[in-house]
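S.K.: Structure provided below as structure tokens; questions to follow.
A short reminder: the numbers here are calculations on the coordinates, not readings from a lab. Note that this is a predicted model, so its numbers are computed, not measured. Heads up, the Cβs are rebuilt from the backbone with ideal geometry, glycines too, and the neighbour counts pull from every protein chain shown.
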Amino acid sequence: MWKSAKSRSQEKFFSPQKKTDLALKEKDRAWLELEKKSARLKALRLAKEATDKEAAALAEAAKPAAPAKKAKRPAKRD
């Protein structure tokens, strides 16, 4: 079946636009994937930092208190 001249010209005209639209959609999809990955990694990092902070607080609480230092007495003068 033969295509009309108008149909062929529209095909040539809209073909680059379709490719551009597809490229933009692909770029948007890649950007969304990157944002999701970054959000997941940030959540993991924040969870690790919270766990580390809690562990440090427990370790500090479990550490025995340092012995009190004796006050220095001034030297006796005769």
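S.K.: For the chain, what percent of Cα pairs sit more than 15 Å apart? Each step should come with its number before you reach the end.
M.R.: Details: 2405 of 3003 pairs.
Pairs farther apart than 15 Å: 80 percent.
S.K.: While we're on this one: Using Cα positions and a limit of under 24 Å, work out the lysines in reach of LYS63, with same-chain residues fewer than 8 apart set aside.
M.R.: List returned: LYS48, LYS53.
S.K.: Could you work out the local net charge near ALA47, counting Lys and Arg as +1, Asp and Glu as -1, over the other residues with Cβ closer than 15 Å to its Cβ? Before the final figure, lay out the partial values.
M.R.: On the way: positive: ARG40, LYS42, ARG45, LYS48, LYS53; negative: GLU49, ASP52, GLU54.
Combined, the nearby Lys, Arg, Asp and Glu give +2.
S.K.: Looking at the chain, which trypsin sites (Lys or Arg not before Pro) are in a loop (DSSP not H, G, I, E or B) and have at most 16 other Cβ atoms within 10 Å? Kindly include the intermediate steps, with their values, before the conclusion.
M.R.: Numbers: sites: LYS3, LYS6, ARG8, LYS12, LYS18, LYS19, LYS25, LYS27, ARG29, LYS36, LYS37, ARG40, LYS42, ARG45, LYS48, LYS53, LYS69, LYS70, LYS72, LYS76, ARG77; in loops: LYS3, LYS69, LYS70, LYS72, LYS76, ARG77.
Of the trypsin sites (Lys or Arg not before Pro), the ones in loops of the chain whose Cβ has at most 16 other Cβ atoms within 10 Å are LYS3, LYS69, LYS70, LYS72, LYS76, ARG77.
S.K.: Any lysines with Cα under 28 Å of the LYS19 Cα? List them, leaving off those in the same chain fewer than 8 positions away.
M.R.: Qualifying lysines at Cα under 28 Å: LYS3, LYS6, LYS27, LYS36, LYS37.
S.K.: As I understand it, the value is the acute angle between the Cα axis of helix 5-62 and the longest principal axis of the Cα atoms of the chain; what does it come to in degrees, rounded to 10?
M.R.: Taking Cα atoms only, the helix is inclined about 10 degrees.
S.K.: With only alpha-carbon atoms in the gyration tensor, what are the semi-axes of the equivalent ellipsoid for the stretch 18-57, in Å, largest first?
M.R.: With the √(5λ) rule applied to the stretch 18-57, the semi-axes are 38, 4, 4 Å.
S.K.: Something else about it: Putting +1 on Lys and Arg Cβ atoms and -1 on Asp and Glu Cβ atoms, find which of TRP31, PRO16, ALA62 reaches farthest to the positive end of the dipole of the chain.
M.R.: In the chain, that residue is ALA62.
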